[in-house]
Amino acid sequence: MAGDLLRPARPAPVTRAQIQIRLPHGTQQPVKRMHIDGVSCPHLERRDLRTFTFIAGVVLEGSATADAGALHYVPGGHYRMADYFATDWVLGQPAQTPDDIDAQDGTALTAEPGDVVVMHHLEGI
């Protein structure tokens with residue numbers, strides 16, 4: 001599937017992974033601002049841009065309700081982000097998203113154990 005998404009380029013071997021966890025049930029979950037992984041992340045150098053080509057995730061525990069999931073998205077937000085990167089964003093600035101995207105809570109992704117989530121940077125464009 002990765003090869004089909006990236007064609008004609010060939011995917012490089014996977015050398016690292018990230019696990020997104022939720023705190024145990026009943027525990028207050030941390031609230032994070034909307035962001036794009038790799039864009040002005042606090043753990044990267046300010047002048048470093050390390051976005052992903054795509055993310056593939058396998059849901060291990062269900063998040064069938066809007067308040068249970070760890071992933072939120074803004075429907076159509078990829079169009080706004082494309083415009084932001086083309087017109088306003090510059091390498092090294094601390095803002096990860098434009099104010100109008102940052103102000104949104106987003107829509108929680110709901111999924112069941114075994115579901116696969118694929119997010120591609122060029123989806124919808």
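Observations on the structure shown:
- Long-range Cα-Cα pairs in region 66-116 (distance over 13 Å), rounded percent: 65 percent
- Peptide packing for 78-85, 110-117 was compared via the average number of neighbouring C-beta atoms within 10 Å per residue; ordered from the highest value, the list is 78-85, 110-117.
- Sorted on the mean count of surrounding Cβ atoms within 10 Å across their residues, most packed first, peptides 87-97, 8-18 read 87-97, 8-18.
Coordinate-derived values only; no laboratory data. What you see is a predicted model, and the numbers here were worked out from it, not measured in a lab. Note: ideal-geometry Cβ built from the backbone for every residue, glycine included; neighbour counts use all protein chains shown.
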